[in-house]
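Beneath this line is the structure, given in structure tokens, with notes to follow.
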Amino acid sequence: VDFRERIRINGKKITKQYVVDFVAAEKDFFEPLHPSFFELTTALAFKYFAEQHIDIAVIEVGLGGRLDSTNIITPILSVITNISKDHTRFLGSTLSDIASEKAGIIKYGIPVVIGEAVEETRSVFEAKARSMDAPIIFAEDDPLVQSATYTSEGTIVYQTNLFGEIVGQLGGEYQIKNTNTILCSLHAMKIDNLQAIREGFLHVCELTGLMGRWHKLCNKPLVVCDTGHNVGGWNYLAQQIKNQPCNQLHIVFGM
């Protein structure tokens, strides 16, 4: 809805004036370079975060990883969630090809957490991590999420190792693996503020403005919106839709 949704600090969008001032001040520099929309947005975000002296930045890759404009940073942790066939025109036609592009964010000596892996992608990540002398953690090998129970409110109650009970606001079935990945990442960074972690999981939508992830728009009738748009996402969505009790199912699908 708003360009500024992409760049937030503590959930608050970057100001309109900052965006306008950035373009005015940097126009003479970037126009001859003909940057892409995403490249320019990345430069704007990094400048804004630096000037605001933030403590932690969560930077999401735009496409792939190896050649993505976000990949100029040196992170404190790299995270790769899962690999499915998407953007094959740019990233390759096999899971190992795509994994190679994603593995491009692994930096020398910087730990990396892998959320999900299959045999075809696991060997790619292991080889890249070895070559970069980067500690690698497969979140599925030693899961911190012990169980997940759905509530009538649509939240998920997690019983976890190290972090105790956590209630997650996001109700998509795919969030169970995401939660395990997040907890492994927090553990890798030695972040153990239980109150902050629990608040974050319980109020993630309000704190970040996240929308469209098994997002209930209405209860009577039940209307759910989800932005899942590839096979990886729909493997979960199809099953969760199938499990919803209903007399008549309607799907509005746009792409």
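Between H53 and L249, how many nm apart are label points set 7 Å from Cα along the C-beta direction?
Here the modelled spin labels are 5.4 nm apart.
Just subtract the alpha-carbon distance of I76 and Q240 from 0.36 nm times their residue separation and send over the number in nm, one decimal.
My answer for the length gained is 55.6 nm.
Would you mind calculating the gained length between L207 and V167 on full extension (0.36 nm times residue separation, minus the Cα-Cα distance), in nm to one decimal? Display every interim value, and only then the final one.
Working: separation 40, 0.36 × 40 = 14.40 nm, distance 1.50 nm.
Extending this stretch completely gives an extra 12.9 nm.
Note down the magnitude of the dipole of segment 189-232 about its Cα centre, charges +1 on Lys and Arg C-beta and -1 on Asp and Glu C-beta and zero elsewhere, to the nearest 20 debye.
Using only the charged Cβ atoms, the result is roughly 120 debye.
Under a Cβ-only charge scheme (Lys and Arg +1, Asp and Glu -1), can you give me the dipole magnitude of the chain about the Cα centre, in debye to the nearest 20? Numbers along the way, then the final one.
Numbers: 23 positive and 29 negative charges, 87 e Å.
Roughly 420 debye, rounded to the nearest 20.
Using only the Cα atoms of segment 1-139, what semi-axes does the equivalent ellipsoid have when each is the square root of 5 times a gyration tensor eigenvalue? Give whole Å, largest first. Before the final figure, lay out each step's value.
Values: eigenvalues 188, 59, 37 Å².
Ellipsoid half-lengths, sorted descending, are 31, 17, 14 Å.
Taking the convex hull of the Cα atoms, report for the chain its projected area averaged over all directions, in nm².
Details: hull surface 62.7 nm².
Answer in nm², one decimal: 15.7.
Efficiency by 1/(1 + (r/R0)^6): what FRET value for E153 and D97, r their Cβ-Cβ distance, R0 = 45 Å, to the nearest 0.05? Write out the running numbers ahead of the final one.
Numbers: r = 42 Å, r/R0 = 0.92.
According to the calculation, E is roughly 0.60.
Rolling a 1.4 angstrom probe over the protein heavy atoms, how many square angstrom per residue are accessible across the chain?
About 63 Å² of surface per residue is accessible.
Considering the options V20, G104, N10, tell which one lies farthest towards the positive end of the dipole of segment 1-108, charges being +1 on Lys and Arg and -1 on Asp and Glu at the Cβ, about the Cα centre.
The one lying farthest along the dipole's positive direction is N10.
Only Lys, Arg, Asp and Glu count, each charged at its Cβ (+1, +1, -1, -1), so figure out the dipole size of segment 1-151 about its Cα centre, rounded to 20 debye. Kindly include the intermediate steps, with their values, before the conclusion.
On the way: 16 positive and 22 negative charges, 68 e Å.
Once rounded to the nearest 20, the dipole reads 320 debye.
What percent do you get for the relative contact order of segment 189-255 when only Cα pairs under 8 Å and 6+ apart count?
Values: 27 pairs, mean separation 10.2, N = 67.
Relative contact order, segment 189-255: 15 percent.
Per residue of segment 144-150, in order, report the coupling 6.51 cos²θ - 1.76 cosθ + 1.60 (Karplus, θ = phi - 60°) as ³J(HN,Hα) in whole Hz, putting x for Gly and Pro.
8, 7, 8, 7, 9, 10, 7
Excluding same-chain pairs closer than 8 in sequence, count the lysine pairs in the chain whose Cα atoms lie under 25 Å apart.
28
If I take every Cα pair under 8 Å that is 6 or more residues apart in segment 138-255, average their sequence separation and divide by the length, what percent do I get for the relative contact order? Please report the intermediate quantities before stating the final value.
Details: 123 pairs, mean separation 22.3, N = 118.
Here the relative contact order equals 19 percent.
Going by amide H atoms built from the backbone, whose H comes under 5 Å of the H on V167, apart from near neighbours?
So V167 has HN proximity to Y158.
As an exercise, take the mean of 1/r over every pair of distinct alpha carbons in segment 144-206, invert it, and state the Kirkwood radius in angstroms.
Working: mean 1/r = 0.0863 Å⁻¹.
Taking the inverse mean of 1/r over all distinct Cα pairs, segment 144-206 comes out at 11.6 Å.
When the gyration tensor of segment 189-250 is built from Cα positions, what are the square roots of 5 times its three eigenvalues, in whole Å, from largest to smallest? Before the final figure, lay out each step's value.
On the way: eigenvalues 163, 47, 24 Å².
For segment 189-250, the semi-axes come out at 29, 15, 11 Å.
Rounded to the nearest 0.05, what FRET efficiency do D141 and E39 have when you use their Cβ-Cβ distance and R0 = 22 Å?
Working: r = 36 Å, r/R0 = 1.63.
That gives a FRET efficiency of 0.05.
Quick check on the chain: helices-only [θ] at 222 nm, where DSSP H runs of length 4 and up contribute -39,500 (n - 2.57) each and the sum goes over total residues. Nearest 500, please.
Details: 9 runs with 95 residues, N = 255.
When only DSSP H runs of four or more count, the value is -11000 deg cm²/dmol.
Among L217, I241, N230, flag the residue with its Cα farthest along the positive direction of the charge dipole of the chain, charges on Cβ as +1 for Lys/Arg and -1 for Asp/Glu.
L217
If the chain between Q195 and R6 were fully stretched, how many nm would it gain, using 0.36 nm times the residue separation less the Cα-Cα distance?
Numbers: separation 189, 0.36 × 189 = 68.04 nm, distance 2.63 nm.
Full-extension gain reported as 65.4 nm.
With just the Cα atoms of segment 77-188, tell me how far they stretch along each of the three principal axes, in Å, largest first.
43, 31, 20
The values are calculated or read from the model by the stated rules, or taken from the named source; none is laboratory data. Keep in mind that what you see is a predicted model, and the values were worked out from it rather than measured. Glycine gets a Cβ as well: all are built from the backbone with ideal geometry, and neighbour counts include every protein chain shown. Keep in mind that these areas ignore ligands, DNA and RNA; they rest on the heavy atoms of the full protein, side chains included. Shrake-Rupley method; radii C 1.70, N 1.55, O 1.52, S 1.80 Å.
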